[in-house]
Each structure stands twice: as structure tokens, then as C-alpha cells.
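Right, one structure below, let's go through it.
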Amino acid sequence: MFEFAGKVAVITGAASGFGRAFAQKGAALGMKLVLADVNPEALRQTVDALRAAGAQALGVPTDVSSAAQVEALAQAALDAFGKVHLLFNNAGVGSGGFVWESSANDWAWVFGVNVMGVAHGVRVFTPIMLAQNEPAHIVNTASVAGLLSPPAMGAYNASKHAVVSLTETLYHDLQLVQGGQASNGLVGCSLLCPAFVPTGIADAERARPADLRNDSRPTRSQIAAGKQLHRAVQAGKLSAADVADITFDAIAARRFYIVTHPGIMATVKLRHEDIEQLRAPTDPMSLKPEVKSVG
Ligand SMILES: NC(=O)c1ccc[n+]([C@@H]2O[C@H](COP(=O)([O-])OP(=O)(O)OC[C@H]3O[C@@H](n4cnc5c(N)ncnc54)[C@H](O)[C@@H]3O)[C@@H](O)[C@H]2O)c1
């Protein structure tokens, strides 16, 4: 069992959605919190609210796509609390539309945050955790979009598939370095794959830096994908707090795969069967009539 009370958690994308819910859950369990987000004002409000409720919380404005800023985040955490026991590589953004219509800026932004943000977190924090020689855990937020490839969200899907592979590899590498004890040894990891949950994710554009904005107007498929994402996210039955509860239970049990919406597994299985049988991929949205495909 992983013990939370008195331990230090670093959370990226902590000013909204899942990240804020992880912070609230961590505070309720008596953790010390280091919260990172690219939105300094939302981060300040989140930290203030947690402190007002009695939590020990530090806010570190951070763009996770920057190697230097993630290194500075780790240093700030160590300066404040001396150790890091739990890391949530959670910050993420998305952009939709037909895959060939995603701009170079869309790819750079989505991969910079979703993939390089996680890679920087793993690169910087894993050696710190291994050197501490006490229980620690890393949770990388992917998505069901890392297990499936729904249409009209290609850059997001590809980024989340990268997070799935990176995190499965992290698990193997931790097993190797710790003599096969990653599941219950000192440093473990989990892969979080939620389906649609009402958060700010459908308005991710608010976090896009000026130098990666698009000059051209959105295409028809991008507008349709944006509307569909808003609908799907708002229709999500679980809350961010539910996802945080499920995630902390999985960390406590040192479970690797965290699939918050188990109903999706039939579609995951079908994708795996398509690959095994060398069939063309089934459109995962065609199996969910309540979520209409774009196009
Ligand atoms: N909500 C869903 O339906 C859903 C489903 C599956 C996966 N996810 C994933 O969950 C994670 C959290 O998203 P959410 O749903 O809570 O969305 P959210 O928009 O509510 O929160 C994301 C937070 O990340 C921050 N952020 C964006 N770019 C950043 C950067 N470069 N550096 C640091 N922080 C940055 C934003 O400011 C925001 O506070 C993401 O990785 C997302 O892809 C969300």
C-alpha cells in the first residue's frame, strides 16, 4: 500500500479539471502539494483555496513543454519540501479536425505539452525518486484516446498513444532497475486513461501560447470536432473528483492501468482484434451512437 499522509505531491495542470481534483484529494489525505500550471492566475486561485482550507501548497507557474521550466519545478519542490513522493504528469491540451488539416503549430503545441511535458517530468523526477530510496509513484495522464483512435482528433490521439507507450516503457524500466519490484517496490508508476469528463479540456485553446496560435481560420472539420468535444465532455457522467478518487485508490494499490470508464474496454478489445486479424480499423465512434462522428 502507498501511504499518502505527510508525503509530497507534484501535480502539473493543477489549476483546473483533473489536476485541481488531484490536489484537493491529496490535501484531504494530508499531502504537501506543489502545483504547476501555465495559467498563473488560475494557479494562484487554486493554491489560495487549498491554503484557506488548511493545506500546505506551493504554486509554481510552469510550462511543461519547457525542459528548463520542469527542471525548475523539481528544484522548487525540493527547496520547499526536500522530497517528491508522487508526481502527476497531467497537463494536457487538444485540438481536433481531420488529421491532414492540423497545422504545424497544432502538432508542435499538442506534442509539446502532452508528450514532451510527460517526457520532461519522467526525465527530471524519476532519478530524484530513485535516489530517495523510499516509496514514490508517477501517474501519467493519457486518455482512452491513447488506447483507441477516434476520427478527427489525430494529433491528440497520436500524443496520447505516445504517453501510453512511454508509460508502459517506464514501468518496464523501473522493473529492470529495481529487480522486478516496480509494482510493489519503491518507485512505481500508473497510466491514467479517462474517457470524457466535464473539465476545461474542450477550451484548451485558452492555454495555447501566442507563438503557436494559428493564422488561418478553423476548417469545417475543426469547428465540428470542437462542438462535438464540448458536447461529449459536458455529457460525461463521472466528475473530476470521481476520477481523482479512482486514481488515488489505484496508486494505493500500485495498479498500473487506470481505466475510469470500464465500458470502453469492449471497444479497446475490438481494436486489438482488428490488429490481430489484420482487419481495417473499426471507427470507435460508430459503436457509440450517442457520440456522432465528425464529417
Ligand atoms: N476531461 C476529459 O474528458 C479528459 C479525458 C481524457 C484525458 N484527459 C486528459 O486529462 C488531463 C487534464 O485535463 P483536464 O481534462 O483536467 O483539462 P483542463 O483544461 O481542465 O485542465 C488542464 C490544465 O492544464 C494546464 N495546461 C495547459 N497547458 C499547459 C502547459 N503547457 N504547462 C502546464 N500546464 C498546462 C491548463 O492551464 C489547465 O489548467 C489532460 O492531459 C487531458 O488530455 C482529459
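Considering only the stretch 125-153, state which residues are within 16 Å of the ligand (Cβ to nearest atom) and assigned to a helix (DSSP H, G or I).
Once the filter is applied, which keeps residues that are within 16 Å of the ligand (Cβ to nearest atom) and assigned to a helix (DSSP H, G or I), the stretch 125-153 yields Phe125, Val144, Ala145, Gly146.
Determine whether Trp100 is touching a residue at least 40 places away in the same chain (Cβ under 8 Å), closer than 29 Å to Ala158 by Cβ and assigned to a helix (DSSP H, G or I).
no
Among (1) farther than 30 Å from Thr62 by Cα; (2) surrounded by 14 or more Cβ atoms within 10 Å (Cβ to Cβ), there is one condition Cys193 misses while meeting the rest; what is its number?
It is condition (1) that Cys193 fails.
Condition test on Leu33, is it surrounded by 15 or more Cβ atoms within 10 Å (Cβ to Cβ) and more than 8 Å from the ligand (Cβ to nearest atom)?
Yes.
Looking only at helices (runs of 4 or more DSSP H) that lie completely in the stretch 174-293, which have at least 2 residues being of a type in the set (D, E, K, R) and more than 26 Å from Val110 (Cβ to Cβ)?
240-252, 265-276
So, in the stretch 154-169, of the ones that are within 16 Å of the ligand (Cβ to nearest atom) and either closer than 21 Å to Leu86 by Cβ or of a type in the set (Asp, Glu) (or both), which residue ends up most open to solvent (accessible area, probe 1.4 Å)? Let's see the steps before the verdict.
Our first condition is that a residue be within 16 Å of the ligand (Cβ to nearest atom); within the stretch 154-169, this holds for 154-167.
Filter once more, keeping what is either closer than 21 Å to Leu86 by Cβ or of a type in the set (Asp, Glu) (or both): 163-164, 166-167.
Working: Val163: 1, Val164: 13, Leu166: 46, Thr167: 0 Å².
Across the stretch 154-169, the extreme among qualifying residues is Leu166.
If you scan the stretch 227-246, which residues turn out to be open to solvent by less than 30 Å² (accessible area, probe 1.4 Å) and either out of contact with any helix residue (DSSP H, G or I) (no Cβ under 7 Å at 6 or more places or on another chain) or away from the ligand (no atom under 15 Å from the Cβ) (or both)?
Gln228, Ala232, Gly236
With open to solvent by 10 Å² or more (accessible area, probe 1.4 Å), free of Cβ contacts under 8 Å to residues at least 40 places away in the same chain and either more than 9 Å from the ligand (Cβ to nearest atom) or closer than 22 Å to Leu191 by Cα (or both) as the only criterion, which of Ala68, Ala76 stands out?
The unique qualifying residue is Ala68.
The values are calculated or read from the model by the stated rules, or taken from the named source; none is laboratory data. Keep in mind the model is a prediction, meaning the values are calculated, not measured. Cβ: placed from backbone, ideal geometry, glycine included. Neighbour counts: every protein chain shown. For the accessible areas, the whole protein counts, side chains as well, though only heavy atoms, and no ligand, DNA or RNA atoms are used. Shrake-Rupley method; radii C 1.70, N 1.55, O 1.52, S 1.80 Å.
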